[in-house]
Amino acid sequence: MDGKFDNDIQAVVDADRAHVWHHLSQHKPYETTDPRIIVEGKGMRVWDQKGKEHLDAVSGGVWTVNVGYGRERIANAVRDQLIKLNYFAGSAGSIPGAMFSERLIEKMPGMSRVYYCNSGSEANEKAFKMIRQIAHKRYGGKKHKILYRDRDYHGTTIGCLSAGGQDERNAQYGPFAPGFIRVPHCLEYRAADQGAPVENYGEWAANQIEAVILAEGPDTVGGICLEPVTAGGGVITPPEGYWQRVQEICRKYDVLLHIDEVVCGVGRTGTWFGYQHYGIQPDMVTMAKGVASGYAAIACLVTTEAVFDMFKDDATDPLNYFRDISTFGGCTAGPAAALENMAIIEEEGLLENTTRMGHYMLDRLAELKDKHAVIGDVRGKGLFLGAELVADRATREPMAEKKVQMVTADCMAQGIIIGATNRSLPGLNNTLCFSPALIATKDDIDQIIEGVDAALTRVFG
Ligand code: PMP
């Protein structure tokens, strides 16, 4: 595909190198090499500034473009809506906002109200604020603590980092907000490192939450925020029985269950929402990335009617409403895109495809595990999968970051974009990540697996 783009692209690369501060990037290497610019996308594939084609196995780098690139139908709906009304915020609603909320709630039995904003971090902040406000309204401010889990990530703001379970992302950004309390992770592969029993690990891991609530005092704990399947912390699928026990514990101690579906939400795991695999009923759900597959910025905080009611029961109290706004929560492009995104998933049967292809990909990853001793564990749900690399299977010592990066770089050179949770501090971050678009075919998955196989052989022999 060399030569796909005209020569002006070098001016773009120069401007980028001179002025753009890239996310998640150490910039020193760009002094001698070109930054990568992604220019076009179609379906599962993107093209860079050199015209090189890449198969995108991570849906836009961070598990976002669920319905794939180049969806004219979404672009047209957004265009039409922008011409009609691009924006209005404050206390007014909008036509696409009302229509999408109705469609969304149809997919979320037991849930009722949709609060619009524009990033996963922002949605989570709003959930934290609601939990805090409920503590003030009902419990004199006492039941204000929010639990979060080791290895989970909830966003980039200081509030979200205060609830951040990935130490490498928090290092050097403290001090953090008080009142956020950590509970242990639930990664069965590393249960022994936690001193957990082999039997009934799910129940044991959930019981650690109860232990924290009891240690803190149940009358001080107002909410818990958890990813249904942990994403950046290592693609951690919950162990058997975990979620049911978590729900019981939340009910027992009157702790609001806030599920962060920013990654799992809207199809990624083969159901509309990740929590729906586990038969539980949250009080709050946040979502962002897949809601409009990156065609517009949109995030939602969805609550039950019971949570909503707490903010309207005394209309004479001037503080008794959610005193919060999101400026860009008033953009109509978000819900307009989200409506089409959801229609595409339904009309093309993408939940079913995700389940089918997810099983296929997990089987193919298991084959790779049989072949390569450096793969210690493979896991995932739907098209949200990980392969944890270890230096030694017996001790489960995490593979060195440099080696993991060599695998992702080799794949990139082959034209296959995969992810890795490896960061600079030791921990559980040694997992190759896969989250292809929900339209993935067997051929796409075979291409990804063959690329990873070749990369592992080249790096580790
Ligand atoms: N929650 C989870 C589980 C995430 O993975 C992320 C982003 N990677 C966020 C929240 C934050 O979302 P955003 O980057 O849109 O603020």
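The phi torsions of the range 126-132, fed into the Karplus equation with coefficients 6.51, -1.76 and 1.60 and a -60° offset, translate into couplings of 5, 5, 4, 4, 4, 4, 5 Hz, rounded to whole numbers, with Gly and Pro shown as x.
A cut-off of 5 Å between modelled amide H atoms, ignoring neighbours fewer than 5 places along the same chain, links Gly43 with Tyr69, Gly70.
Among the GluC sites (Glu not before Pro) in the range 214-288, those placed in a DSSP loop whose Cβ has at most 16 other Cβ atoms within 10 Å are Glu240. In the chain, the DSSP beta bridges split such that about 65 percent are antiparallel, to the nearest 5.
Compute the distance in nm between two label points, each set 7 Å from the Cα along the Cα-to-Cβ direction, one at Phe308 and one at His23. Simple spin-label model gives 3.0 nm for this pair.
Residues in the range 157-164 carry Karplus couplings, in order, of 6, 4, x, 5, 5, 5, 9, x Hz; the curve used is 6.51 cos²θ - 1.76 cosθ + 1.60 with θ = phi - 60°, and Gly or Pro positions show x. Quick check: from the Cα gyration tensor, does the range 327-461 come out rounded (a/c under 1.5), prolate or oblate? Note, shape of the range 327-461 comes out prolate. Evaluated over the range 73-347, the count of Lys pairs having alpha-carbon atoms less than 18 Å apart is 16 (only pairs 8 or more residues apart or interchain). Kirkwood Rh over alpha-carbon pairs of the chain, then Stokes-Einstein at 10 °C and 1.306 mPa s: what D in µm² s⁻¹, rounded to an integer? In µm²/s, the coefficient is 69.
Label zone (Asp363, point 7 Å along Cα-to-C-beta; backbone nitrogen cut-off 16 Å) within the range 435-461: 441-447, 449-450. Exposed loop sites were defined as trypsin sites (Lys or Arg not before Pro) in DSSP loop states (anything but H, G, I, E or B) carrying at most 11 other C-beta atoms within 10 Å; in the chain the longest segment without such a site runs 1-311.
Among the chymotrypsin sites (Phe, Trp or Tyr not before Pro) found in the range 286-372, those both in a DSSP coil and sparsely packed, with 13 or fewer other Cβ atoms within 10 Å of their Cβ, are Tyr321.
A helix-only calculation puts the chain at -11500 deg cm²/dmol for mean residue ellipticity at 222 nm, using -39500 (n - 2.57) for each DSSP H run of at least four residues, averaged over all residues.
Coordinate-derived values only; no laboratory data. Not measured: the values here are computed from a predicted model. Ideal geometry is used to build each Cβ from the backbone, glycine not excepted, and the neighbour counts take in all protein chains shown.
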